1. For Lys244, list the aspartates and glutamates whose Cα falls under 15 Å from its own Cα; do not include residues on the same chain fewer than 8 positions away.
2. Towards the positive end of the charge dipole of region 1-92, with charges on Cβ (+1 Lys, Arg; -1 Asp, Glu), say which of Ile76, Gln49, Thr63 has the farthest Cα.
3. What net charge do the residues around Met190 carry, taking every other residue with its C-beta under 14 Å from that of Met190, with Lys and Arg at +1 and Asp and Glu at -1?
4. What would the Debye formula give as log10 I(q)/I(0) at q = 0.07, 0.08, 0.11, 0.12 Å⁻¹ for the alpha-carbon point model of the chain, no solvent?
5. Taking Lys139 as the anchor, which lysines have their alpha carbon closer than 16 Å to its alpha carbon, excluding any fewer than eight residues away along the same chain?
6. Quick one: putting +1 on the C-beta of Lys and Arg, -1 on the C-beta of Asp and Glu, what dipole do you get for region 220-262 around its Cα centre, in Debye to the nearest 20?
7. Can you pull the one-decimal nm distance between simple spin-label points at Ala255 and Asp199, each 7 Å off the Cα toward Cβ?
8. Can you tell me how much longer the chain between Val343 and Ser9 gets when fully stretched, taken as 0.36 nm per residue apart minus their C-alpha distance, in nm with one decimal?
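The values are calculated or read from the model by the stated rules, or taken from the named source; none is laboratory data. This is a predicted model, so every value here is computed, not measured. All Cβ positions, glycine included, derive from the backbone under ideal geometry; neighbour counts span all protein chains shown. Only protein heavy atoms, including side chains, enter the accessible area calculation; ligands, DNA and RNA are left aside. Shrake-Rupley method; radii C 1.70, N 1.55, O 1.52, S 1.80 Å.
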Amino acid sequence: MLPTENFLSWTRKNEWGTSSTSSEILSNGVKVEVWDSGVIAFTPEQANQRDLVLSSAVHGDETAPIEICDQLIEAIRAGELVPQCRVLFLFANPAAINVGRRFVEENMNRLFNGGHSQGEGLVNKERVRAKQIESYVAKFFDEAPTGERERLHYDLHTAIRDSKHEKFAVYPFTHGKPYKKRQLQLLHAMGVPVILLNDGPTTTFSYHSVKHHGADAFTVELGKVKPFGQNDMKSFAPTIKTLKALLTEKEPELAPFSPQDFSIFQVLRSINRTVEDFELNFSDSLANFTPFEEGELLARDGEKEYRAQCDGEAVIFPNAKVALGQRALLTVVSKPAESFDLV
Ligand code: ZN
């Protein structure tokens with residue numbers, strides 16, 4: 001038997017997972033399967049060519065994506081929204097949701113692509129959970145019907161700090177494959193016209209799906225972190241509308257591709273904290289994508305100074321308090337969309 005209550009509430013009661021799986025078929029023919037707490041798959045009777053993964057709560061305090069997915073899940077369970085594609089929803093870190101924190105012991109978005117078993121191995125529950133989630137994603141893609149499939153994964157986040165660009169997506173490293181116009185168009189339809197191109201393999205969830213499942217996968221930042229109930233859901237309307245279109249339509253209608261619709265940023269460098277004596281040369285509340293002028297001091301890692309290498313070098317995801325050896329900030333530069341290999 002499926003949990004009869006709200007799926008997110010049930011998930012939060014079983015915060016580190018449950019081995020009991022259950023399934024049922026809705027009156028509209030959609031099969032509902034609960035694989036674990038936070039893991040629910042829907043399969044329509046006549047599934048189309050798309051396999052869609054929607055994940056949230058990789059960071060437990062990022063409430064808006066959790067609320068968006070909760071709405072979609074309950075609408076499908078109630079029969080109000082009838083998916084035409086297979087879809088897997090994942091609430092990645094229910095225990096962190098419960099304590100209202102980014103994570104309990106370890107940042108899960110550093111634990112995918114096998115990161116969970118690196119270093120000291122599966123020593124905490126987040127590492128174990130990341131490994132389980134990888135297995136659920138593999139099961140979902142492996143169980144798809146044969147033939148040409150469209151594999152999509154949106155890992156939904158909100159950022160800790162303000163951003164010069166409220167909504168942006170990280171396009172994971174493609175191993176030299178060209179970027180896809182259609183994927184940019186879908187992100188644009190979601191209200192996400194700013195794209196950050198990653199320049200190498202990472203341990204993020206979205207890169208995991210690219211590398212291991214050949215999916216078109218993105219980390220999507222939807223705005224600033226707010227407590228539950230305080231998110232302005234109107235600001236997510238284009239995102240929700242596009243996700244619903246992907247769920248219910250074979251080919252969602254997209255605006256024609258136009259390079260000037262996008263701001264595309266390339267990673268210039270990653271600056272790691274290697275010593276205790278590390279500081280950022282700007283306020284903690286600096287907005288993501290704030291540009292610096294050539295020569296301006298960005299950070300100091302013990303004796304080593306990091307200065308902007310060019311005008312417009314912009315800072316994202318700064319966090320001076322990361323563990324030693326981890327990334328304290330990333331810097332990026334803007335490039336015109338026309339300068340990339342797009343198909
Ligand atoms: Zn996040």
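1. Correct list for Lys244: Asp51, Glu67, Asp70, Glu74, Glu80, Glu253.
2. Gln49
3. -2
4. The calculated log intensity ratios at q = 0.07, 0.08, 0.11, 0.12 Å⁻¹ are -0.29, -0.38, -0.72, -0.86.
5. Within the straight-line limit of under 16 Å, Lys139 reaches these lysines: Lys31, Lys131, Lys211.
6. The dipole of region 220-262 has a size of about 260 debye.
7. Inter-label distance under the simple model: 3.0 nm.
8. Once the chain is fully extended between Val343 and Ser9, it gains 116.0 nm.
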